[in-house]
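Everything on this sheet refers to the single structure shown next.
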Amino acid sequence: MARVVYPKIVTANHLLEGDVIYMTASGDWSRKHEDAKLYEDRHEAEDALKFAQEQAHMLAGAYLADAQIGKNGKPEPVHFREAFRTRGPSNYPNHGKQAEV
Amino acid sequence: MYNYNQFDHDFVRNRVKEFRGQVERRLDGSLTEDEFKPLRLMNGLYLQLHAYMLRVAIPYGTLNSRQMKQLAMISEKWDKGYGHFTTRQNIQYNWPKLKDTPDILDALADVEMHAIQTSGNCVRNVTADHFAGAAADEIEDPRPTAELLRQWSMDHPEFQFLPRKFKIAMTGSPNDRAVTKAHDIGIRMVRNDKGEPGYEILIGGGLGRTPMIGKVVREFLPKADLLPYVEAILQVYNLNGRRDNKYKARIKILVHETGIDTLREWIEEVFETQKIHHQTPPAEMIEAIEAQFQPPKFDNAKVDEDKLSKIIAADPLLRSFVETNISEHFDSNHAIVTISLKPIGGTPGDATAKQMRIMAGLAEAYGYDELRVSHEQNIILPHVRRDDLPEIYKVLKDAGLATANVGLLSDMIACPGMDYCALATARSIPVAQELSIAFEDLKLQQDIGPLKIKISGCINACGHHHVGHIGILGLDKAGVESYQITLGGDGTQTASIGERAGPGFSYEEIVPAVSRIIDCYMNIREGKNDTFLDVYRRVGADPFKEALYPEETATA
Ligand code: SF4
């Protein structure tokens with residue numbers, strides 16, 4: 001079976017805080033996955049990643065992650081690793097992003 | 001225990017100062033992440049899934065109460081009020097902020113601690129038997145040797161860029177509680193025919209992608225020859241270890257590909273020149289180190305055993321704690337207490353700041369100020385008077401630290417896995433939590449008897465799954481968490497690597513699968529003393545495979 005190719009988002013960790021951030025359509029950064037800009041086109045995604053990597057003063061470890069449009073019409077993670085990154089550790093529900101919702 | 005001399009103090013402080021400057025330059029943009037990453041890693045600072053993580057070295061797992069209290073303070077001031085004790089006898093903070101880390105390192109330096117060489121391709125924190133200096137079966141305390149190795153390896157200019165990381169473990173007892181056979185170098189204290197103490201040296205053990213049991217490279221090494229010999233091993237490895245492939249770069253692959261006999265010849269050859277040129281530390285220096293590990297001045301008043309037995313007999317919970325969490329001390333008035341960091345449903349190895357302070361307080365009041373961290377992610381009070389056990393138990397119980405499960409099913413090792421670790425392929429902590437809840441009845445666990453379950457969240461095997469009686473490895477199988485079971489592993493002097501039982505199980509299936517293994521064991525064992533490992537070694541994997549995969553075996 002051919003591997004499904006998903007659209008991409010750009011994600012990284014915030015330099016100071018270390019927490020997970022996502023690149024939005026305006027090139028700003030949000031802490032919410034649903035704010036991420038979804039790239040259908042590979043070249044556009046790679047350009048966006050390059051743009052992110054140039055912002056070394058505020059982030060570390062930028063990369064492209066698979067994402068898809070969820071039920072609410074906004075991007076959601078495909079892989080469980082990315083899903084965990086939107087929440088935080090499962091052993092402390094009061095730690096990480098999940099604590100804020 | 002070892003106290004820093006002026007050299008140690010200056011070295012650690014200078015490193016903190018240097019790192020402070022590096023962090024400042026990273027923050028003002030003069031260092032890129034690519035430039036900064038190796039610098040922060042040299043100081044124990046990782047970037048994980050949700051945050052930075054700081055790994056602090058606890059040399060050979062030994063702490064005093066002041067250090068434990070400082071670890072508690074750090075967790076409250078700069079983290080989320082808890083710490084995670086690891087299989088490397090280290091402590092990890094899961095939530096530090098980049099700008100705070102130099103202050104944390106300064107606070108560590110205040111109590112003679114640091115995070116140097118907890119990452120990178122260098123000699124890592126030397127680990128040792130957590131009962132060192134207290135165990136009844138010990139030939140000699142291994143810690144003076146471990147400390148000597150720490151000093152030798154710290155910032156050793158020749159060994160900062162080895163082909164891969166390098167781990168040394170030591171035991172002073174024939175009963176191996178330090179997993180020496182699964183380390184790059186394992187050192188076991190032995191006596192020769194003349195009764196003199198020396199070392200048996202093993203090399204090439206390791207877990208991870210290619211698990212291997214260490215092989216004996218030297219049956220007896222006189223104590224004085226330790227540093228030139230270890231230096232010879234490192235030199236041979238540094239020159240001949242593979243650098244073309246990260247997965248084949250550990251010394252175990254060199255041992256495997258070259259053969260232990262050839263490698264022994266190479267090492268002995270280098271050792272001969274080393275012996276001439278190596279500047280062995282002067283005897284006074286060795287004596288000064290040894291002097292710092294002298295046993296405390298024990299209170300030798302005879303314990304009233306009759307009275308103590310009556311107190312213990314009157315409280316079933318205390319009795320089960322004493323039966324399970326207490327080990328024999330070389331001094332008959334004393335005992336070793338293992339404080340379980342595995343409460344039912346808890347995260348293996350986590351302790352809150354409050355709990356750290358309580359353990360430190362116990363060490364101060366009853367334990368000659370000594371604490372240890374075990375590779376099994378528990379805390380040890382190595383020397384306590386037996387008649388203080390009831391009082392110690394009471395304090396632990398009130399702090400949620402008296403779970404009587406040491407060596408039993410719920411005393412599991414679990415690595416951080418995908419709840420924290422950026423390298424993980426699946427979660428491991430919640431598997432441990434759910435397993436311990438499924439078997440929460442401690443009476444049942446006692447009936448099942450000695451059982452070591454070890455869980456890793458990826459093939460790197462920080463959770464030692466290969467040497468678990470039941471090992472669980474979390475993998476990513478086409479975008480779904482999948483757990484592979486290995487059976488019959490053993491991390492002690494009778495070490496063996498567990499065998500794969502068969503196809504993996506989903507997250508939902510893994511706890512029921514382990515339950516089937518336990519049921520199977522309970523059905524075929526011949527009485528209570530017939531342990532899981534004994535049964536497995538006697539009957540092999542087949543009955544367990546049938547229990548794990550009833551459908552496949554039925555149709556096969
Ligand atoms: S075994 Fe893998 S997942 Fe677990 S701590 Fe080690 S690297 Fe991380």
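The values are calculated or read from the model by the stated rules, or taken from the named source; none is laboratory data. Keep in mind the model is a prediction, meaning the values are calculated, not measured. When we count neighbours, we look across all protein chains shown, and the Cβ atoms used for this are built from the backbone with ideal geometry, even at glycine.
Does region B:378-385 contain any residue that is under 20 Å from the mean Cα position of the chain (by Cα), modelled with pLDDT of 95 or more and either closer than 15 Å to B:L451 by Cβ or within 16 Å of the ligand (Cβ to nearest atom) (or both)? No. Working only within region B:20-39, note down all residues that are within 11 Å of chain A (Cβ to nearest Cβ) and either farther than 22 Å from B:M418 by Cα or acidic (D, E) (or both). B:V23, B:R26, B:L27, B:D28, B:G29, B:S30, B:L31, B:T32, B:E33, B:D34, B:E35, B:F36, listed by residue number. Selection of region B:376-411 for residues being touching a residue at least 60 places away in the same chain (Cβ under 8 Å) and assigned to a strand (DSSP E or B) yields B:I379, B:I380, B:P382, B:H383, B:R385.
Within region B:232-244, is even one residue at pLDDT 95 or above, touching a Gly at 6+ places or on another chain (Cβ under 8 Å) and of a type outside the set (G, A, S)? Within region B:232-244, none of the residues are at pLDDT 95 or above, touching a Gly at 6+ places or on another chain (Cβ under 8 Å) and of a type outside the set (G, A, S).
Scanning region B:288-303 for residues that are surrounded by 12 or more Cβ atoms within 10 Å (Cβ to Cβ) and not small (G, A, S) gives B:I289, B:E290, B:Q292, B:F293, B:P295, B:P296, B:F298, B:D299, B:V303. Total residues in region A:27-37 satisfying the condition of being farther than 14 Å from A:A60 by Cβ, more than 14 Å from chain B (Cβ to nearest Cβ) and either surrounded by 16 or more Cβ atoms within 10 Å (Cβ to Cβ) or of a type in the set (G, A, S) (or both): the figure is 6. Among the residues of region B:115-160, those that are more than 25 Å from B:Y247 (Cα to Cα) and among the β-branched types (V, I, T) comprise B:I139, B:T145.
Scanning region B:297-353 for residues that are in a helix (DSSP H, G or I) and of a type in the set (S, T, N, Q) yields B:S309, B:S320, B:T324, B:N325.
Among the listed residues A:T24, A:T11, which satisfies the condition of being surrounded by 13 or more Cβ atoms within 10 Å (Cβ to Cβ), within 14 Å of chain B (Cβ to nearest Cβ) and not small (G, A, S)?
On the way: A:T24 fails: within 14 Å of chain B (Cβ to nearest Cβ).
Checking each option against the conditions leaves just A:T11.
Being out of contact with any His (no Cβ under 6 Å at 6 or more places or on another chain) and at the interface with chain A (Cβ under 10 Å from one of its Cβ atoms) narrows it down to one of B:Y52, B:Y4, so name that one. Answer to the check: B:Y52.
Scanning region A:55-101 for residues that are away from chain B (no Cβ under 12 Å) and under 23 Å from B:K97 (Cβ atoms) turns up A:E100, A:V101. Among the conditions (1) small (G, A, S); (2) modelled with pLDDT of 95 or more; (3) over 18 Å from B:Q433 (Cα atoms), the only one that B:A513 does not satisfy is (3). Here B:A365 fits the description: surrounded by fewer than 24 Cβ atoms within 10 Å (Cβ to Cβ) and in contact with an Asp or Glu (Cβ under 9 Å, 6 or more places away or on another chain). Only a single criterion out of (1) within 26 Å of B:S410 (Cβ to Cβ); (2) in contact with a helix residue (DSSP H, G or I) (Cβ under 6 Å, 6 or more places away or on another chain); (3) not basic (K, R) is not satisfied by B:E290, namely (1). With respect to the conditions (1) out of contact with any His (no Cβ under 8 Å at 6 or more places or on another chain); (2) surrounded by 21 or more Cβ atoms within 10 Å (Cβ to Cβ), B:N94 falls short on a single one, namely (1).
Looking only at strands (runs of 3 or more DSSP E) that lie completely in region B:159-245, which have at least 1 residues being hydroxyl-bearing (S, T, Y) and not assigned by TED's automatic domain parsing to the domain that holds B:T486? If you could, list the steps in order and put the result at the bottom.
Working: elements: B:168-171, B:185-191, B:197-203, B:215-222.
In region B:159-245, B:168-171, B:197-203 are the strands (runs of 3 or more DSSP E) which contain 1 or more residues that are hydroxyl-bearing (S, T, Y) and not assigned by TED's automatic domain parsing to the domain that holds B:T486.
Restricting region B:432-460 to residues that are under 20 Å from the mean Cα position of the chain (by Cα) and hydrophobic (A, V, I, L, M, F, W, C), the residue that is farthest from the ligand (Cβ to nearest atom) is B:L451. Using the structure shown, decide if B:P142 is of a type outside the set (A, V, I, L, M), crowded, with 22+ Cβ neighbours inside 10 Å and under 16 Å from B:A232 (Cα atoms). The answer is no for B:P142. Residue count for region B:408-431 under the criterion of being within 12 Å of the ligand (Cβ to nearest atom) and among the polar types (S, T, N, Q): the result is 2.
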